[in-house]
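Values quoted throughout were computed directly from the atomic coordinates according to the rules given, and no laboratory measurement underlies them. Just so we're clear, the structure is a prediction, and the values are computed from it rather than from any experiment. In this analysis, Cβ positions are derived from the backbone assuming ideal geometry, glycine residues included, and neighbour counts consider all displayed protein chains.
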Amino acid sequence: MTLAALASRSARSLQNPLRRAACIHLAAPITRSFHALAPQQTMHPTSSGDLLPYCERNSTRLLGKFDELHANTIEHYPKTAGKTISSLQGQFLRLLMRMTRPQRVLELGCFMGFSAMAMADGMGADGVIYTCEKDGKAAQLARELFQRQGYQGSEEGPRRKTKIELMEGNALDSLEILSKNGLQFDAVFLDADKSNYINYFNFIMDNGLLNKGGFILADNVLFSGLVLNAPGANNSKTHLSSPPPSPTLKPSDKGLTENEDRSSAAWQKYADHMDAFNRHVHADSRVEVAVLPVFDGLSVIMHKI
Ligand SMILES: C[S@@+](CC[C@H](N)C(=O)[O-])C[C@H]1O[C@@H](n2cnc3c(N)ncnc32)[C@H](O)[C@@H]1O
């Protein structure tokens, strides 16, 4: 049985709610794409105001094939379209893949497939991305798009080489499947539910999913700067005086769905998870890490050789 078939069988078996981690995903798309939808309101001066559009204007543009994806996303997820990383971050990921040439990449949090496609475009012809998504609708739309754009063979058409393998279901279950199949990765992009970042990191490191010398990119690690307010952040001087959401920031700009808690306490809870993750990674002697104040905070974590 191919890994794809194995993954899809396993995804079907994940209907048991007990196996699904209770995970509200809260993206921080204020530094993400769809800038027309989400005004730039970030605590990080390098990605605020006019600077982000300036950086985008002076960066190589991603190809027009991403237009269909963006149109799809706005059509099907008008309120949470901003969960997708920004065009600039997509270009950054693509460039990083071009420079490091990983053979196998793992992504947790596919959504509509933008970051997966951006990374796939930067990888060599033999490179494959495994991307995990628990939202069935997003997974289906992404799968269809990958097929139309030639990243995945379709059942009907001639079998093309699959460059993006989409694993539908809870990411922790997908990690177990990948581990059981003995897969190892050169790079990982962490962009799923914040409350599980530590679990994802531990599983990947403890089960040898990341090759030595390989790296993990973890997104949203500064969570709009709110990590400074986390109880364990150990930063008495720089506490933020007025935690978001600000009155001018629409809930949809943070990727919240109608049913998610929009109180600033809930907001802070996600930032606390990110702070705990940052401290956890920093304390792990198997890795070296740089926590970068770009986008919504991006950690580059290398598995020491
Ligand atoms: C920020 S979005 C990913 C955006 C995507 N990386 C991009 O930039 O195009 C996070 C995604 O993670 C998914 N997600 C959240 N928790 C998950 C879990 N436990 N397992 C798998 N996917 C999960 C959400 O459904 C959501 O689509």
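Quick notes
- As a rough footprinting exposure proxy, the listed residues TYR54, TYR77 were ranked by other beta carbons within 10 Å of their own, and the order from fewest upward is TYR54, TYR77.
- Residues CYS132, CYS55 arranged by fewest to most Cβ contacts within 10 Å: CYS55, CYS132
- Measure of compaction for segment 145-226 (Cα Rg per 2.2 N^0.38 Å): 1.29
- Percentage, to the nearest whole number, of Cα pairs in segment 69-172 over 22 Å apart: 26
- Where a label projected 7 Å from the Cα of GLU288 along Cα→Cβ would reach, residues of segment 207-224 with amide N under 16 Å: 212-217
- Over 31 Å between alpha carbons, listed pairs LYS79/LYS269; LYS79/LYS163; LYS163/LYS269; LYS163/LYS304; LYS65/LYS180: LYS163/LYS269; LYS65/LYS180
- In this simple spin-label approximation, GLU75 and GLU56 carry label points 7 Å from Cα along the Cα→Cβ vector, and these lie 2.1 nm apart.
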